[in-house]
Every structure is written in C-alpha cells, then in structure tokens.
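Read-outs throughout are calculated quantities, based only on the coordinates presented, and are distinct from any laboratory measurement. These numbers come from a predicted model, not from an experiment. Glycine gets a Cβ as well: all are built from the backbone with ideal geometry, and neighbour counts include every protein chain shown.
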Amino acid sequence: MGEAVAQRLGSGSTLVLADVSEPTLRNAADSLRSVGYDVIEHVTDVSNEDSVVSLAEAAAGLWSGGGSGSHRGSISGTGVG
C-alpha cells in the first residue's frame, strides 16, 4: 500500500521510503525510480527509537540545507506486532 500511495502523491517530490526489510525497501525504491521518482531509502525498525530518530534525521537533512524544496507531508503505514 505504501508504494501505491507514494506513486499517487509523490510526483515532483523526493520520497523517503523506510522499511525494516532491506530487500522489500530496495524493491519498492527501484520500482519507483524506474518510473522517474527521486527516492531515498532508509532501513528503519519502528520498534526501535534510535532507528526512528535516524530516519527522522535523514529526512530532515533533505530540507535543511541538504537538498532543495520543503517538506510537503508525511505518511506512515507502520505495523508492529
């Protein structure tokens, strides 16, 4: 579902994708890149606070001198179980 949302809403944006599974993350990122999206990948375990902080810092770096544009929104579809 996350990849479909990214395709629908991410046009003209840099997408920051996160997943606990590196292969799943890589497949989603490659799929989006293949149709022209700019994608940053970040392996993230949402049950680990340090991992989430690292994701937030990576994303914030895009808009605080590390990249162009501004933050336009965030979507989270996490599952912990």
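Using θ = phi - 60° and the Karplus form 6.51 cos²θ - 1.76 cosθ + 1.60, what ³J(HN,Hα) does each residue of the range 41-54 get, whole Hz, x for Gly and Pro?
Couplings: 9, 8, 5, 9, 9, 5, 8, 10, 4, 4, 5, 5, 4, 4 Hz.
Need one number: nm distance between label points at Val35 and Ser54, each 7 Å from Cα along Cα→Cβ, rounded to one decimal.
Once both label points are built, they end up 3.0 nm from each other.
Give me the number: length gained by fully extending Val43 to Arg26, i.e. 0.36 nm times residue separation minus the C-alpha to C-alpha distance, one decimal in nm.
That works out to 5.2 nm of additional length.
Can you put Ser31, Ser74 in order of Cβ neighbours within 10 angstrom, beginning with the fewest?
The order, fewest Cβ neighbours first, is Ser74, Ser31.
Where does the charge balance sit around Asp45 when Lys and Arg score +1, Asp and Glu -1, over other residues with C-beta under 13 Å from its C-beta?
-4
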